[in-house]
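**Student:** The structure follows.
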Amino acid sequence: MVRSLGAAHAVGWLALAGCISPVDELLAGGADCPQGLLSCAGACADTSISTLHCGVCGNACQPGSTCRSGSCQCPTGMLLCAGACVAPNDAGRCEPTTLARAQDLPMSVVVGDGLVYWANTGTAANGAIVRAQPDGEVKTLASGQNEPGAIVLRGGDLYWLNRASSGLGAVMKLPLDGGAPLTLAAGQSEPRGLAVDDRYAYWTNQQTDDVARVPVEGGATAVIAAFQGSPNGIAVDEGVLFWANYSNGTVMRLALDGGAPVVFASGQTAPLAVVVFEGDVYWTNSGTGGSVAKKPLDGGPIATLGGYGPAAMLAVDATGAYWTGGCGGDAVKRIPLSGGAPVTLASRQDFPYALALDATSIYWANRGGVGGANGEVKRLAK
């Protein structure tokens, strides 16, 4: 029987044969370097303090930073932002990166496959759906939209609401592999919140106080909940629909396999956005004081994560609940899912509104002031 040599045996064998293996050379610091130093680019380097070889050979620290204990670090009071040591912003963090400027009232943003999409609400029929390309180019995907708002990315298609009132609103769909925008549902009145699953697009109509749906492949529109209270944000999760009734302070629940809507949470103050994440329903209370609240999907008490100023739009992942102040605030904030002290991620923003998350970053739209295309789309590392 032939036995294979393990890594330790192999290194020992090479040493006994009078050879130096690459592993031995690294452990010994190189044939010509004293113990504790490594041979890097033909010179001996102390990788614990070398700014050219910090931690490992070839890892050069950015200008202005130093190498301490094998890690590139900025001077006290400075932050490493986008590869450079800079002074922190008012929130004590890196300044957000601006992905797009001069946008016309951006009100909703989504991210997928490294691309960022948003809706420029504009005025009347001059709204647009826009995408930031990987190279930084901003491309208009659909123009001439009637006040586009909520936007959802699912299954290679982009869905959005044209938020016009008095029966001029619509639910739209755009295949991202090419083609023109499709109208899934016309004749809507101030549609506000949008959610999509494999079969249907669901939305809230604020003016007519109802919740409706349409097949994602097109077909008849159906009202599935009437006589609501200014319904706004909406979310769907495994056959159950949740939405926020802004005017009567309730969060509603509807099982899509049959039955009537039921009150999931009451006594809320102008609830606005709704998100479902890992067994809990989260929402923002946009009324006086503002707060982020949650409740288990299968019932239980309502937990308020925090009440710290204006709360409008919401995004949630394992790193926390993120929210913006909307028209009443100028900050983007995060709070742990278990509650605690909130962290201000960005301050002095120009009416931050919708936001989205990916694995590494948070994205949001600064709506900007009315009367000019001065909105921006921002990105910040979590």
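The values are calculated or read from the model by the stated rules, or taken from the named source; none is laboratory data. Note that the structure is a prediction, hence the values are computed from the model and not measured. When we count neighbours, we look across all protein chains shown, and the Cβ atoms used for this are built from the backbone with ideal geometry, even at glycine.
**Student:** I'd like to know if the stretch 106-120 contains one or more residues that are over 19 Å from the mean Cα position of the chain (by Cα) and either over 19 Å from S361 (Cα atoms) or of a type in the set (D, E) (or both). Step through it out loud before you land on a result.
**Tutor:** So in the stretch 106-120, the residues over 19 Å from the mean Cα position of the chain (by Cα) come out as none.
No; the residues of the stretch 106-120 include none that is over 19 Å from the mean Cα position of the chain (by Cα) and either over 19 Å from S361 (Cα atoms) or of a type in the set (D, E) (or both).
**Student:** Looking at the stretch 137-159, which of its residues are part of a loop (DSSP other than H, G, I, E, B) and touching a residue at least 24 places away in the same chain (Cβ under 8 Å)? Quick ask: steps written out before the conclusion?
**Tutor:** Of the residues in the stretch 137-159, the ones part of a loop (DSSP other than H, G, I, E, B) are 137, 146-147, 155-156.
Once the filter is applied, which keeps residues that are part of a loop (DSSP other than H, G, I, E, B) and touching a residue at least 24 places away in the same chain (Cβ under 8 Å), the stretch 137-159 yields N146, E147, G155.
**Student:** Continuing with this model, one more query. Please enumerate the residues belonging to the stretch 368-382 that are modelled with pLDDT of 90 or more and either surrounded by fewer than 23 Cβ atoms within 10 Å (Cβ to Cβ) or over 13 Å from V110 (Cβ atoms) (or both). Working first, answer last.
**Tutor:** Filtering the stretch 368-382 for residues modelled with pLDDT of 90 or more gives 375-380.
Matches in the stretch 368-382: G375, E376, K378, R379, L380.
**Student:** Tally time: how many residues in the stretch 159-189 are basic (K, R) and within 19 Å of G112 (Cα to Cα)? Full working, then the answer.
**Tutor:** Of the residues in the stretch 159-189, the ones basic (K, R) are 163, 173.
Then keep just the ones that are within 19 Å of G112 (Cα to Cα); that gives 173.
Qualifying residue count for the region: 1.
**Student:** May I ask you to verify whether D135 is of a type in the set (D, E), surrounded by fewer than 17 Cβ atoms within 10 Å (Cβ to Cβ), within 18 Å of the chain's Cα centre (by Cα) and assigned by TED's automatic domain parsing to the domain that holds P352? Don't jump to the end; show me each part of the working.
**Tutor:** Details: of a type in the set (D, E): yes; surrounded by fewer than 17 Cβ atoms within 10 Å (Cβ to Cβ): yes; within 18 Å of the chain's Cα centre (by Cα): no; assigned by TED's automatic domain parsing to the domain that holds P352: yes.
The answer is no for D135.
**Student:** Scanning the stretch 67-94 for residues that are charged (D, E, K, R) and in contact (Cβ under 8 Å) with a residue 60 or more places away in the chain, which turns out surrounded by the fewest Cβ atoms within 10 Å (Cβ to Cβ)?
**Tutor:** D90
**Student:** Still on this structure, I have one more. Considering (1) at pLDDT below 95; (2) in contact with a Pro (Cβ under 9 Å, 6 or more places away or on another chain), say which one R253 fails and leave the rest.
**Tutor:** Only one criterion is unmet by R253, namely (1).
**Student:** Follow-up question, since we're still on this one. Would you mind stating whether Q103 is over 17 Å from the mean Cα position of the chain (by Cα), within 24 Å of T208 (Cα to Cα) and touching a residue at least 24 places away in the same chain (Cβ under 8 Å)? Spell out how you get there, then give the answer.
**Tutor:** On the way: over 17 Å from the mean Cα position of the chain (by Cα): yes; within 24 Å of T208 (Cα to Cα): no; touching a residue at least 24 places away in the same chain (Cβ under 8 Å): yes.
It is false that Q103 is over 17 Å from the mean Cα position of the chain (by Cα), within 24 Å of T208 (Cα to Cα) and touching a residue at least 24 places away in the same chain (Cβ under 8 Å).
**Student:** Then there's this: Picking from G179, G187, which residue would you name as being surrounded by fewer than 17 Cβ atoms within 10 Å (Cβ to Cβ), assigned by TED's automatic domain parsing to the domain that holds G229 and modelled with pLDDT under 95?
**Tutor:** Working: G187 fails: modelled with pLDDT under 95.
Just one listed residue meets the conditions, G179.
**Student:** Could you give every pair whose Cβ atoms fall below 9 Å, whose first residue belongs to the stretch 365-381 and is over 18 Å from G114 (Cα atoms), and whose second residue is at pLDDT below 75, counting only separations of at least 6 or pairs across chains?
**Tutor:** R367/G326; R367/C327; G375/G369
**Student:** Answer yes or no as to whether L345 is within 15 Å of L314 (Cα to Cα), assigned by TED's automatic domain parsing to the domain that holds K295, of a type in the set (A, V, I, L, M) and in a loop (DSSP other than H, G, I, E, B).
**Tutor:** Details: within 15 Å of L314 (Cα to Cα): yes; assigned by TED's automatic domain parsing to the domain that holds K295: yes; of a type in the set (A, V, I, L, M): yes; in a loop (DSSP other than H, G, I, E, B): no.
So L345 does not fit the description; no.
**Student:** Show the residue pairs meeting these rules: Cβ distance below 6 Å; 6+ apart or different chains; first residue within the stretch 345-357 and farther than 12 Å from W323 by Cα; second residue at pLDDT 90 or above and assigned to a strand (DSSP E or B).
**Tutor:** Short answer, once both residue conditions are applied: Q349/N366; D350/N366.
**Student:** Where in the stretch 197-274 are there strands (runs of 3 or more DSSP E), lying wholly inside it, with at least 2 residues that are touching a residue at least 60 places away in the same chain (Cβ under 8 Å)?
**Tutor:** On the way: elements: 200-205, 210-215, 222-225, 231-237, 240-245, 250-255, 262-265.
The qualifying strands (runs of 3 or more DSSP E) are 231-237.
**Student:** Within the stretch 304-312, does at least one residue satisfy the condition of being out of contact with any Gly (no Cβ under 6 Å at 6 or more places or on another chain) and either under 24 Å from A100 (Cβ atoms) or modelled with pLDDT of 95 or more (or both)? Full working, then the answer.
**Tutor:** Quick first cut of the stretch 304-312, residues out of contact with any Gly (no Cβ under 6 Å at 6 or more places or on another chain) only: 304, 306, 308.
From what's left, either under 24 Å from A100 (Cβ atoms) or modelled with pLDDT of 95 or more (or both): none.
The answer is no; no qualifying residue exists.
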